Amino acid sequence: MHIYLTDGEGREHRLDALEGWRVMEIVRDHGFPIIAECGGACACGTCQVEVDPEWASRLHEPRDDELDMLDQNYGGPWSRLSCQLIFTAKLDGLRLRIADVALKDAA
């Protein structure tokens, strides 16, 4: 199973994905520079991703605490916190992009 991730440079990567893992963990464990400061507690918003609109309807609705974090981080209509997305077989082939707010400073 896989996730297709577009990085901050606009390049797409095919990531092996394990069922039951948070999308944040999958992205981070493949070495991408996602901040994810709170480690998945939905308390920082620094794991924000932009989900391909074709995939948005396949995801569960965000909870209020996720929506609050997205509002604080200027999330767009396809924004989600990757720590709140649990990868399942239904999401095989998920396409997303790391949001600018989630990228570590390369300097």
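Descriptive notes on the structure:
- Helical content of the chain, expressed as a calculated mean residue ellipticity at 222 nm, amounts to -4500 deg cm²/dmol (DSSP H runs of 4 or more residues, -39,500 (n - 2.57) each, divided by residue number, nearest 500).
- Rough spin-label spacing in nm, given labels placed 7 Å along Cα→Cβ, for GLN72 and TRP21: 2.7
- Table column - 3J(HN,Hα) (Hz), segment 93-101, Karplus curve with 6.51, -1.76, 1.60, x for Gly and Pro: x, 3, 10, 8, 10, 5, 6, 3, 5
- Projecting the Cα atoms of GLY20, ILE34, VAL51 onto the charge dipole of the chain, computed from C-beta unit charges around the Cα centre, puts GLY20 farthest toward the positive end.
- For the chain: rounded, prolate or oblate by the Cα gyration tensor [a/c cutoff 1.5]: rounded
- Mean separation of Cα contacts under 8 Å, 6 or more apart, over the residue count of segment 2-102: relative contact order %: 42
- DSSP beta bridges fully contained in the chain are about 75 percent antiparallel.
- Cβ charges +1 (Lys, Arg) and -1 (Asp, Glu), total dipole of segment 14-78, debye: 200
- Summed side-chain charge close to LEU18 - residues other than LEU18 whose Cβ falls under 12 Å, Lys, Arg +1, Asp, Glu -1: -4
We did not get these values from a lab; they are worked out from the coordinates using the rules stated. On a predicted model such as this, the values are computed, not experimentally measured, just so you know. Cβ atoms come from the backbone with ideal geometry, glycine included; neighbour counts cover every protein chain shown.
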